[in-house]
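Undergrad: The structure that follows is given in the form of structure tokens.
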Amino acid sequence: MQTPFPGFAVFRVIGVLLIAVGIPALLASFARFALQGIGTPAPVFPTKRLVVSGFYRYVRNPMYIAVVSIVLGQALLLGNVWVLVYGLCAWLVTHFFVLYYEEPTLQKTYGMEYLEFCANVPRWLPRLAPWRGHEGYGFGRS
């Protein structure tokens, strides 16, 4: 293991916290897709319902945020600048994927329901209070 960024042991603690928060958020979001969305995050087996509960009440992309959190946590824990750069690049690629593929596809699939979700739930920075527009399991396909 490399020395954490020159003498900053606090980065290791932050790294562990990012990993500790990211893993359960990722698992919970995957489970929500399967159980409530009746599908997967993979474009080849999409959900039958728009998932708007759990972490999705705070932010539109909790799975991506969780993965990047885990990678950045590893970078800080290990003190590895290349893993940090990889995490930032992964977020950038994900951002463009979301903008140019995922959001247009979800808008075509779920229409006004997705637009309402987007209007109330931010893409990357979580809300402080959960969106309560739709308390159920999600919207069905139009």
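The values are calculated or read from the model by the stated rules, or taken from the named source; none is laboratory data. From a predicted model like this one, the values you see are computed outputs, not experimental measurements. When we count neighbours, we look across all protein chains shown, and the Cβ atoms used for this are built from the backbone with ideal geometry, even at glycine.
Undergrad: For residues in the range 13-55 being of a type in the set (S, T, N, Q) and farther than 20 Å from S69 by Cα, which is surrounded by the most Cβ atoms within 10 Å (Cβ to Cβ)?
TA: T47
Undergrad: If only one of T105, T47, T94, T40 is over 26 Å from F8 (Cβ atoms), of a type in the set (S, T, N, Q) and modelled with pLDDT of 95 or more, which one is it?
TA: T94
Undergrad: So which residues in the range 57-88 are small (G, A, S) and in contact with a Lys or Arg (Cβ under 8 Å, 6 or more places away or on another chain), if there are any at all?
TA: The answer is G79, and nothing else.
Undergrad: If you go through the range 99-114 one residue at a time, do you hit one that is farther than 20 Å from G133 by Cβ, surrounded by 14 or more Cβ atoms within 10 Å (Cβ to Cβ) and of a type in the set (A, V, I, L, M, F, W, C)?
TA: no
Undergrad: Count, please, the residues in the range 36-47 that happen to be more than 28 Å from A129 (Cβ to Cβ) and in contact (Cβ under 8 Å) with a residue 12 or more places away in the chain.
TA: Total satisfying the criteria: 2.
Undergrad: While we're on this one: Of all residues in the range 83-114, how many are among the aliphatic types (A, V, I, L, M), closer than 18 Å to L50 by Cα and within 18 Å of the chain's Cα centre (by Cα)?
TA: 3
Undergrad: Exactly one of these conditions fails for G140: (1) modelled with pLDDT of 95 or more; (2) surrounded by fewer than 16 Cβ atoms within 10 Å (Cβ to Cβ); (3) touching a helix residue (DSSP H, G or I) at 6+ places or on another chain (Cβ under 9 Å). Give me its number.
TA: All conditions are met except number (1).
Undergrad: Something else: For the range 56-91, which residues satisfy the criterion of being crowded, with 22+ Cβ neighbours inside 10 Å and of a type in the set (F, W, Y)?
TA: The answer is Y56, Y64.
Undergrad: Has the range 116-133 got at least one residue that is of a type in the set (V, I, T), closer than 22 Å to A34 by Cα and either surrounded by fewer than 19 Cβ atoms within 10 Å (Cβ to Cβ) or at pLDDT below 95 (or both)?
TA: Checked against the condition, which is being of a type in the set (V, I, T), closer than 22 Å to A34 by Cα and either surrounded by fewer than 19 Cβ atoms within 10 Å (Cβ to Cβ) or at pLDDT below 95 (or both), the range 116-133 yields no hits at all.
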